[in-house]
Amino acid sequence: MKSSTYYPFSNLSFLALFLVILSIASAATINVTVGGDSLTFNPQNLTVNKGDVVQFNWAGGQHSIIRSDGPAGSCTPKNSNTSISEAKTNGMVTFKMDGSDSRIWYYCGVGNHCKMGMWGVIALAGSDNSGTKAAKSSSTSIGISGVIIGIIVSSGIISIFTLSS
Ligand SMILES: [Cu+2]
């Protein structure tokens, strides 16, 4: 017995289409470890897509999550809407990057934890952060080594991505 099936697209096309739909439709959840063996948020620096949810998981010790106005490492709270989580010792909280902020600076408000380095930054991918308090580079000449894998020109800024050799 012989059967034949008609495929309107090759399997590879279906895979590509599926991946495109997946990247558009799904928001990711990114995990950040709070405390534990060290006074840190790990990873400390995140770049996420709009709609992604950052999930903070307490790993040990008493810690809070307070927003600041930056720059990175600031231990001064914002004037309003400062708390992502009150101080606690376990559990988790989530924070959704809904696009209302292109960058979130935060720190632990317990004791001297922030001064010890317990702070973090969440940046929105693809957003223009040139107007923020983030550190800016003013260099006008650059040396490039390695294989260039992409060039993005945005708002007068040229970003060149390379695989370092
Ligand atoms: Cu802490």
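A few points about this structure:
- Candidates S100, S38, S83, filtered to the one that is more than 15 Å from A123 (Cβ to Cβ), free of Cβ contacts under 8 Å to residues at least 24 places away in the same chain, more than 12 Å from the ligand (Cβ to nearest atom) and not basic (K, R): S83
- Residue match in region 105-114 (condition: part of a strand (DSSP E or B), more than 14 Å from the ligand (Cβ to nearest atom), buried (at least 16 other Cβ atoms within 10 Å of the Cβ) and within 18 Å of the chain's Cα centre (by Cα)): yes
- Residues of region 41-58 satisfying the condition of being in a strand (DSSP E or B) and more than 11 Å from the ligand (Cβ to nearest atom): N42, N45, L46, T47, V48, V53, V54, Q55, F56, N57
Bear in mind that the values in this text are calculations on the coordinates, not laboratory data. Keep in mind that what you see is a predicted model, and the values were worked out from it rather than measured. Glycine gets a Cβ as well: all are built from the backbone with ideal geometry, and neighbour counts include every protein chain shown.
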